[in-house]
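To start, the structure itself, in structure tokens.
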Amino acid sequence: MRTVVIGSGAGGLTTASTIRRYNKDMEIVVITKEKYVAYSPCAIPYVIAGEIPSFQDIVMHTPEDYRKNKNIEIITESTVVDIDSENKNVIYYDKDRNKNTLKYDYLVIATGGETFIPPIEGKDLEGVFKVKTIEDGMKIKDYAEKSKSATVIGAGAIGLEMAYALKKLGLKVTVVEMAPQVLPRALDIDMAKIVLKYLKDLGIEVILEKPVSKILGDENNRVKGVVVGEKSYSCDMVVMATGTRPNLELGRKAGCEIGRLAIKVNSKMETSVPNIYAVGDCVETVDFITKQVTLSPFGSTAVRQGKVAGRNIAGIPSEFKPVLNAMVSKIGDLEIGGTGISELRAHQNRLEVVVGKAKALTRARYYPGGKPIYVKLIFDMNKTLIGCQIVGGERVSERIDAMSLGILKGVTCEELVNMEFSYAPPVSMVVDPIVLAAEDAWEKFRKLE
């Protein structure tokens, strides 16, 4: 029996490793376009910023490690061009451009997402970069070290992390975002304003509600500036942090049903084609709050989906549950997190909500080193928690994780008001900021009664 996995990202390699954990005899082959495997793309901005010493530090394992320690074969620098699902064949070209056919019993499509590059004039100039692979990161770092200024297009998490990294290298940085706020997928505008102020205090210029209409080049076809609205801004390089789109080409060739957003899978991560599974950024999933299909382009989601697919292929029943799309990011000294539904998305889905907010400190007010922290909780009219956003100097991630569990378990406003939190002056306040935000919402509910 042979399982072929297409893609060496978090979803693909987790699937392969999970199969091997439960099945020692299955032949497992991973085919990937990339030279490097088992690395974290999320770490790229932190290498560029110098917070991680080198790109080699974010490569956790080599193909040789997988072959030696897990008996998993990884074929690198190779491109799958077709899937014959009727005869269970994968057709690919290896790094020497030789055409090969590989038979499978189970197939896992883990092709991830493709960087979305807007059709901007000048996008092919020297000095324009995307942020997806470790090679992209290496090119950006090398070019940045010879540059004085940069424009980052897109103010999502990767865009802002890249902006900070380039700023830390000493560049003059401008961020351009079409939405009226930074982090439009993760935060409501009131919380995003806290992040915006922090960026401006760092000296990063942020232009909102305007697109980049053109990238300007010099006589050598190198970037020399951008046009935003009616105004030109000079810069030496441009980083496209404009998001990704699911890579669906091979899913279509295999005959898999494509849903509204990506490859359609069931809770076992099975596609509509027998013996073909799909995981990661190329699949659509279900939102826990709205019950609608959504994308969940996070490494944490891909890992969980890979474990589900791997267990099922190995004969261990497992199901993937709807998502909250919990996220966290760190930009300089600021931590940002969100989980569940935002107030804006709630209104877009015609959900009435009550919001509780709090501003507090991360430590007892008398203990040195305490940092501001802002908490926003979103409750439906049944007083059930459905969303949380936190921006602060420290300890954001664990609070987001706690609130994710709370949302999944249907915790209520009153339960949060009375929830028991741990306390010690060096690490927390005697009344946790989450309790303060819940009390704010509880008072609002009382006034509605």
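The values are calculated or read from the model by the stated rules, or taken from the named source; none is laboratory data. All figures in this text were calculated on a predicted structure; none of them were measured in a lab. Positions of Cβ are generated from backbone atoms using ideal geometry, with glycine treated the same way; all protein chains shown enter the neighbour counts. These accessible areas exclude ligands, DNA and RNA; they are computed on the full protein's heavy atoms, side chains included. Shrake-Rupley method; radii C 1.70, N 1.55, O 1.52, S 1.80 Å.
Odds and ends about this structure:
- The shape of the chain can be summarised by an equivalent ellipsoid whose semi-axes, obtained from the alpha carbon gyration tensor, come to 37, 31, 20 Å from longest to shortest.
- Whole-Å semi-axes of segment 110-197's equivalent ellipsoid (Cα gyration tensor): 22, 17, 13
- By accessible area with a 1.4 Å probe, ligands and nucleic acids excluded, highest first: order of Val396, Val227: Val227, Val396
- Among the listed pairs Lys24/Lys103; Lys330/Lys376; Lys70/Lys268; Lys167/Lys214; Lys168/Lys307, those beyond 27 Å (Cα-Cα): Lys168/Lys307
- Taking only the alpha carbons of segment 51-128, we obtain Rg and Dmax values of 17.6, 49 Å in that order.
- Counting charges near Glu230 (Lys, Arg +1; Asp, Glu -1) among other residues having Cβ under 13 Å from its Cβ returns a value of +3.
- Our Cα-only numbers for segment 359-416 put the radius of gyration and Dmax at 12.8, 40 Å.
- Gap separating the Cα centres of segment 45-70 and segment 191-233, nearest whole Å: 32
- Kirkwood-Stokes translational diffusion coefficient of segment 63-221, alpha-carbon pairs, 25 °C, 0.890 mPa s, µm²/s: 128
- Per-selection Kirkwood Rh - segment 1-94 (Cα, Å, 1 d.p.): 14.3
- Accessible surface ranking that places the most exposed of Met191, Met60 first, with a 1.4 angstrom probe: Met60, Met191
- Cα-based radius of gyration of segment 351-449 once divided by 2.2 N^0.38 Å, which approximates compact folds: 1.04
- Counting heavy atoms of the protein chains alone, Val286 has an accessible area of about 50 Å² for a 1.4 Å probe.
- All other residues whose Cβ lies under 10 angstrom from that of Cys282 are scored, Lys and Arg at +1 and Asp and Glu at -1, for a net of -3.
- Alpha carbon Rg of segment 410-449, scaled by the compact-globule rule 2.2 N^0.38 Å: 1.29
- For segment 96-141, the alpha carbon positions stretch 44, 24, 21 Å along the principal axes, listed from largest to smallest.
- Pairwise centroid distance, computed over Cα atoms, of segment 240-292 with segment 140-183, Å: 30
- Mean residue ellipticity at 222 nm, helices only, the chain: -8000 deg cm²/dmol; runs of at least 4 DSSP H residues each add -39,500 (n - 2.57), and the sum is divided by the number of residues.
- A Cβ-based charge dipole, computed about the Cα centre of the chain with Lys and Arg at +1 and Asp and Glu at -1, lands at about 160 debye.
- Placing one equal scatterer on every Cα of segment 158-244 and applying the Debye formula, the log10 ratio I(q)/I(0) at q = 0.19, 0.21 Å⁻¹ is -0.91, -1.09.
- Shape analysis of segment 292-426 yields a ratio of the Cα radius of gyration to the Kirkwood radius, Rg/Rh, of 1.02.
- Proximal charge balance of Thr3 [Cβ under 12 Å; K/R count +1, D/E count -1]: 0
- Placing dummy labels 7 Å off each Cα toward the beta-carbon, the span from Lys99 to Asp190 is 6.1 nm.
- Dipole magnitude of segment 234-354 about its Cα centre (Cβ charges: Lys, Arg +1; Asp, Glu -1), debye to nearest 20: 460
- Solvent-accessible surface (1.4 angstrom probe) belonging to Thr111, in square angstrom, nearest 10: 30
- Accessible area of Arg97 in the full protein assembly, 1.4 Å probe (Å², nearest 10): 150
- Counting only protein chain heavy atoms and rolling a 1.4 Å probe, the accessible areas of Phe129, Phe288 rank, largest first, as Phe288, Phe129.
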